[in-house]
Amino acid sequence: YELLINKTEVQIILFLFLILSTLLSINILNVYEEREEYEVKNKDVVKQVKAYIDELNLNENVQKFDVKFEGYDVIGLLKIPAIDLEYPIISETTDATMKISISRFWGGDVNGYGNLSLAGHNNYNGTMFGKNNKLKLGDTVELTDLSGNLIKYEIKEIFKTDPNDTSVLKTENDSIREVTLITCSNGRKERLIIKALEINLEEK
């Protein structure tokens, strides 16, 4: 009788484990499909912005183009050649925008003076900032604003810090252009920080 109870309990545990495993697999698949959908949409928005900039270069009087992505304002483009990354930049960082693309976490306009801090998820499939750990000192970060101005920045610092460390958002010199890339690391226990300064800054 006791053996029968133990056998039944094992069967129940195995059944529950099977259900949980199935639900987890479905959830992972849904997240993966959602990310793939957003990757396609991101590429489309990048094309829209580039087409507008091309038109702007041909005709300065072209009507101002308000770019939207899932209802949010797009303020520019981010490109990092070393890891084959190119995304539109969304104007604000929220739980919703973090699922969509790269977003402005802190700072002013794209290519404005001061520190523009950009946030992105460290996706396990390598999308968004999922390859930032492969970046090296000296690699280039490119920012393009909606006026068509492209400025290149050189990575000067790479480090990890506590999630509550707000010092990474500050700038010691408001007369220079810098960009800070922020993403999660070590199971969200840390933040991977990449800081880059405008190239040829010393010559200005």
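The values are calculated or read from the model by the stated rules, or taken from the named source; none is laboratory data. In this text the structure is predicted, and so the values were computed from the model without any measurement. Backbone-built Cβ (ideal geometry, glycine too); neighbour counts: all protein chains shown. Accessible surface areas use protein heavy atoms only, side chains included; no ligands, DNA or RNA. Shrake-Rupley method; radii C 1.70, N 1.55, O 1.52, S 1.80 Å.
I'd like the residue in region 1-52 that is of a type in the set (Phe, Trp, Tyr) and at pLDDT below 85 and, out of all such residues, is least open to solvent (accessible area, probe 1.4 Å). It would help to see each step written out before you state the result.
Within region 1-52, the subset of a type in the set (Phe, Trp, Tyr) is 1, 15, 17, 32, 38, 52.
Filter once more, keeping what is at pLDDT below 85: 1, 15, 17, 32.
On the way: Tyr1: 208, Phe15: 122, Phe17: 136, Tyr32: 97 Å².
The qualifying residue least open to solvent (accessible area, probe 1.4 Å) is Tyr32.
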Please go through region 42-69 and give me each residue that is part of a strand (DSSP E or B) and either among the hydrophobic types (A, V, I, L, M, F, W, C) or touching a Ser or Thr at 6+ places or on another chain (Cβ under 9 Å) (or both), ordered by number. Phe69
From the residues in region 53-88 that are without any contact (Cβ under 8 Å) to a residue 60 or more places away in the chain and among the aromatic types (Phe, Trp, Tyr), which one is surrounded by the most Cβ atoms within 10 Å (Cβ to Cβ)? Tyr87
Inspect all residues belonging to region 70-87 and state whether any of them is over 15 Å from the mean Cα position of the chain (by Cα) and assigned to a helix (DSSP H, G or I). yes
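Looking only at strands (runs of 3 or more DSSP E) that fall completely inside region 150-204, which ones have 3 or more residues that are among the charged types (D, E, K, R)?
Numbers: elements: 150-161, 177-185, 190-198.
Strands (runs of 3 or more DSSP E) meeting the threshold: 150-161, 190-198.
Is it fair to say Thr183 is of a type in the set (Ser, Thr, Tyr) and out of contact with any helix residue (DSSP H, G or I) (no Cβ under 8 Å at 6 or more places or on another chain)? Show your work before the answer.
Values: of a type in the set (Ser, Thr, Tyr): yes; out of contact with any helix residue (DSSP H, G or I) (no Cβ under 8 Å at 6 or more places or on another chain): no.
For Thr183, the condition - of a type in the set (Ser, Thr, Tyr) and out of contact with any helix residue (DSSP H, G or I) (no Cβ under 8 Å at 6 or more places or on another chain) - is not met.
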Subset of region 131-163, residues at positive phi and modelled with pLDDT of 95 or more, comes to Gly138
Of the residues in region 89-143, those that are part of a loop (DSSP other than H, G, I, E, B), touching a residue at least 40 places away in the same chain (Cβ under 8 Å) and either buried (at least 21 other Cβ atoms within 10 Å of the Cβ) or touching a Lys or Arg at 6+ places or on another chain (Cβ under 8 Å) (or both) come to Ser101, Asn111, Gly112, Tyr113, Gly120, His121, Asn123, Asn125, Thr127, Phe129, Leu135
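Can you work out which of the residues in region 148-197 that are acidic (Asp, Glu) and more than 20 Å from the chain's Cα centre (by Cα) is least open to solvent (accessible area, probe 1.4 Å)?
If we filter region 148-197 for residues that are acidic (Asp, Glu), which is where we start, we get 154, 157, 162, 165, 172, 174, 178, 190.
Narrowing the set further to residues that are more than 20 Å from the chain's Cα centre (by Cα) leaves 172, 174.
Working: Glu172: 196, Asp174: 113 Å².
Here the residue is Asp174.
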